[in-house]
Amino acid sequence: MWITLFNADGLRADKFFEPDSEGNYRAPFLRSVIKNKGRWGVSHARPPTESRPGHVAIIAGFYEDPSAVTKGWKANPVEFDSVFNRSRHTFSYGSPDIVPIFCGALEHSTWKSYPHEFEDFATDASFLDEWSFDQFQSLLNRSNEDPKLKELLLQDNLVIFLHLLGCDSNGHAHRPYSSIYLNNVKVVDDIAQRVYALLEDYYKDNSTAYIFTADHGMSDKGSHGDGHPSNTDTPLVVWGAGVKYPKPISGAGQSDPGFHFVDEHTHGMPTPVDWGLIGIERVDVNQADIAPLMSTLLGLPCPVNSVGNLPLGYVDMIEAEEVEAVLANTKQILNQFLHKSHIKQSNSLYFKPFKPLVQHSSQLEHIENLISVRDYQNAMILTQELRSLALQGLHYFQTYDWLMLMTVITLGYLGWMVYLILHVLKSYTSLSEKIMKMEQAAEQKNKTGKVYLFGCLLMGVISVILYVEQSPPLYHAYIAMTVFLWTQILGDYQFVKALWRHLSGKKSNYAIKLLVTCAISILLLEFLVNSFTERKLYTWCFLIVGSIASLYLFKAIPWRSTIPIFVCVACWCLSVFTLMPAEIPDNNELVIASGAIIITIGAAARWLDKHSEGNKNWLAICCHETDKPKQSMLFYLQALLVGLSSIMVSLSTSHRTQKQELHLIHQLINWTLAGFSMVLPLFSENGLLSRLTSIFLGFAPTFLLLSIGYEALFYGALALVLMAWILFENTLLHLTKLKKLSKYEDYTTLENDRCLQLSDVRIPLVFMVLFNVAFFGTGNFASIASFEISSVYRFITVFSPFLMAALLIFKLFIPFMLVICVFSAITKLLRVPRLGCYFLVILFSDVMTIHFFFLVRNTGSWMEIGNSISHFGIVSAQVVFVLLLFALTNVYTKDIRIRSDGSSSRKAV
């Protein structure tokens with residue numbers, strides 16, 4: 001018995017089954033198989049719908065842990081059993097990103113993969129599928145001259161695996177509705193027909209089974225990763241030895257509409273009429289069910305880690321054999337449960353068993369008794385129930401420590417937030433000096449030592465318990481961090497007591513102001529949390545904020561000014577983008593026009609910088625101390641580079657589309673433009689407006705070359721809002737100075753760095769909003785599938801996952817860098833400690849993180865589970881990203897100088 005597995009990487013079920021515009025079906029051979037020789041259905045993948053997890057599910061029968069993404073889905077984080085391991089020998093040909101994962105360390109395998117350079121997204125990738133077929137055909141031809149190879153091929157329990165990458169590459173490069181992708185469906189169908197003919201002619205014994213499927217589908221924009229049906233629904237066609245023949249039925253052609261798939265809702269979609277398969281029974285499966293199907297057809301045990309259910313609708317067995325096969329499948333899953341139960345019981349001081357399977361031995365014995373008396377119907381029902389309980393038991397032990405971990409992590413987050421608040425109050429406000437004068441340092445030190453001693457003893461006891469239970473190292477880390485933080489907080493209890501006395505002694509107006517500030521902060525953070533699932537909230541946010549801010553400025557500014565109008569228009573312009581589709585449509589003309597808009601914005605900022613120097617209201621943001629002709633030349637050079645990048649967007653894209661290749665000269669020019677333009681801002685003037693304008697123009701060429709549609713306009717709109725933020729803060733600063741001067745107060749405190757005040761909370765809050773707008777302004781980047789790989793085609797088309805991912809992430813970071821540069825400039829403008837504001841950003845991020853932590857789900861659809869995990873991960877990583885970007889942008893912003901008008905103001909007074 002042999003198995004031939006065809007995996008058409010990236011093939012969508014609908015594009016495979018539906019007819020083309022002329023009414024002809026794209027896979028005529030496999031349709032004839034469905035109608036005359038075998039069974040068919042839809043295989044439902046589970047997110048993340050990436051190549052490696054999909055292949056692990058198909059070949060090994062389990063859904064890979066998302067932590068494998070840290071290996072880039074390219075290497076085995078842990079060794080695992082698979083159908084290939086169980087086979088006598090495996091022959092595999094295909095992609096260098098897939099075949100070596102499963103066969104590279106397998107001694108009983110023969111495999112070969114093409115070079116990475118073959119994966120060029122600028123070409124028609126169907127030749128990769130032909131390459132795999134040619135290698136397999138060459139193997140059979142060599143066997144006629146190689147007796148050892150011939151002898152090996154004539155043995156049983158062999159697996160032939162052809163990985164066909166063409167659809168995936170063409171889907172990424174040309175979209176799944178393009179003629180190139182749709183033609184590739186015909187190519188894989190033709191390869192399946194030729195392989196079938198070769199093997200049937202070679203063996204002549206009808207002992208080979210064939211499975212045709214895909215690891216994942218492809219979204220309309222040419223990406224995959226999330227739980228959309230276009231990514232999770234893949235074709236499945238099975239025929240050959242041991243497989244049932246087609247079963248004509250009436251109705252929708254769904255064999256089991258009550259069957260629940262991996263995302264826990266029924267895929268009860270009726271078979272579309274245009275598929276032309278309504279009269280033939282359709283048997284849908286979970287992707288992991290394919291592994292036990294292959295094992296059963298080969299007559300081998302299932303992989304030990306498989307959680308797939310044997311789909312009986314495909315296997316040609318008598319009733320007694322079906323029950324035995326399902327029982328073997330059940331025992332394999334039950335053994336996993338028993339192994340986990342044994343490990344947990346042997347290590348736990350207090351063990352709580354999974355009660356429904358406490359009597360599993362008697363349940364198995366009862367099933368075997370029913371089989372012995374040939375009561376197959378009841379035996380099948382009980383066996384399937386036991387298998388379901390075993391899967392539930394596996395989940396029980398996977399979440400066994402859930403309550404303890406939730407408690408510890410929650411206390412850790414709360415401790416970290418309290419610690420941050422105390423640190424900011426002590427280090428960056430004037431409270432510390434005011435409230436600690438009366439405290440006795442010696443007494444505090446003595447009591448602090450006792451707190452630390454108690455913390456060490458508590459940590460020691462918990463560590464011993466965790467060691468006895470052989471808990472993972474991460475458990476020790478979680479608890480150690482939680483105990484450490486709360487020890488630090490309790491060790492500082494004297495400051496906490498003094499702070500409470502200080503606040504209690506304040507007037508009620510101060511308490512109301514404090515409560516209102518906290519309430520507004522929490523409401524704004526909750527708004528940001530909800531924006532992760534509803535981008536349109538930002539539209540209302542900027543419409544309302546633009547209106548309120550402009551009205552406030554109209555009322556507050558005692559002189560005539562266009563600033564309120566500009567602030568309103570800038571906010572309203574940015575509000576449009578979160579109404580646009582997350583799937584960015586290609587529009588090169590829009591990208592080119594964006595270049596002209598960016599140059600116009602830069603020219604306007606340059607004009608404002610040059611013509612406002614004599615105005616005392618603008619002195620803080622306009623500071624010219626260098627040679628102006630050189631700076632004018634720098635501005636013209638940066639504008640020229642933006643214009644050149646717009647031209648290269650047109651040239652490189654049109655040439656790649658027509659010639660199906662990226663011209664080397666275009667590639668070199670694009671890389672040079674991107675690299676050179678980002679260095680130029682370092683040589684600009686160190687005035688606030690001059691340097692920020694140069695940074696904006698410096699990153700524009702790179703962003704334009706990485707843009708495919710309206711996100712290029714978003715870059716300009718975001719810059720306008722950032723400029724509005726600067727003007728707003730500068731106006732507030734000037735009004736504050738006027739109030740101080742009108743009261744003849746000492747003005748020197750405004751010229752030097754000052755402590756944080758309660759009103760300064762607005763700075764990190766506005767930063768949080770703008771930072772998240774930069775994140776969600778042109779799509780929902782919480783989804784893996786939101787990354788548009790065609791964005792990098794002006795720099796590279798040959799498949800290079802790490803370089804492509806680096807370019808995509810850098811494109812994502814460019815708007816962040818603009819926001820952080822402006823944030824740093826504003827802290828300098830207002831003379832507040834930037835590090836103190838950064839700690840407040842961390843605090844607000846942690847408030848959002850703990851909210852998302854409680855929103856993480858382990859039930860429901862896998863799209864919902866995946867989104868909840870990705871939201872939590874994004875906000876958790878945001879703190880680290882912001883820190884790294886602060887360090888990076890500090891190269892550009894550290895030289896910014898703010899001119900003070902204090903002396904002239906005092907003279908006026």
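The values are calculated or read from the model by the stated rules, or taken from the named source; none is laboratory data. Since the model is a prediction, treat every value here as computed from it, not as a measurement. Note: ideal-geometry Cβ built from the backbone for every residue, glycine included; neighbour counts use all protein chains shown. Surface areas here come from the heavy atoms of the whole protein model, side chains and all, with no ligands, DNA or RNA. Shrake-Rupley method; radii C 1.70, N 1.55, O 1.52, S 1.80 Å.
The table below gives the values:
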item: With at most 12 neighbouring Cβ atoms within 10 Å, loop chymotrypsin sites (Phe, Trp or Tyr not before Pro) (DSSP) excluded, longest segment of the chain; result: 1-349
item: Rough spin-label spacing in nm, given labels placed 7 Å along Cα→Cβ, for Arg762 and Val468; result: 5.8 nm
item: Exposure of Arg606 as accessible area (Å², to 10), given a probe of 1.4 Å and all protein chains; result: 40 Å²
item: Solvent exposure ordering (accessible area, 1.4 Å, most first) of Lys186, Lys355, Lys150; result: Lys355, Lys186, Lys150
item: Ratio of the Cα radius of gyration of the stretch 146-221 to 2.2 N^0.38 Å, where N counts its residues; result: 1.42
item: Entries in Lys148/Lys244; Lys204/Lys247; Lys37/Lys148; Lys536/Lys610; Lys555/Lys828 that, when Cα-Cα distance is taken, lie over 31 Å; result: Lys148/Lys244; Lys37/Lys148; Lys536/Lys610
item: In degrees, nearest ten, helix 319-347 long axis to first principal axis of the chain (Cα); result: 40 degrees
item: Kirkwood-type radius of the chain, with distances r between different C-alpha atoms, in Å; result: 31.6 Å
item: Degrees, to the nearest 10: 834-855 long Cα axis against longest axis of the chain; result: 30 degrees
item: Computed [θ] at 222 nm, helices only, for the chain once each DSSP H run of length n ≥ 4 contributes -39500 (n - 2.57); result: -20000 deg cm²/dmol
item: Accessible-area ranking of Leu310, Leu758, Leu453, largest first, probe 1.4 Å; result: Leu453, Leu758, Leu310
item: DSSP-defined antiparallel bridges as percent of all bridges, the chain, nearest 5; result: 35 percent
item: Accessible area (Å², 1.4 Å probe, nearest 10) - Arg86; result: 80 Å²
item: Cα-based shape type of the stretch 60-205, given that a ≥ b ≥ c are square roots of the gyration tensor eigenvalues and the cut on a/c is 1.5; result: oblate
item: Ranked order, Val882, Val496 - accessible area, probe 1.4 Å, largest first; result: Val496, Val882
item: In degrees, nearest ten, helix 493-504 long axis to first principal axis of the chain (Cα); result: 60 degrees
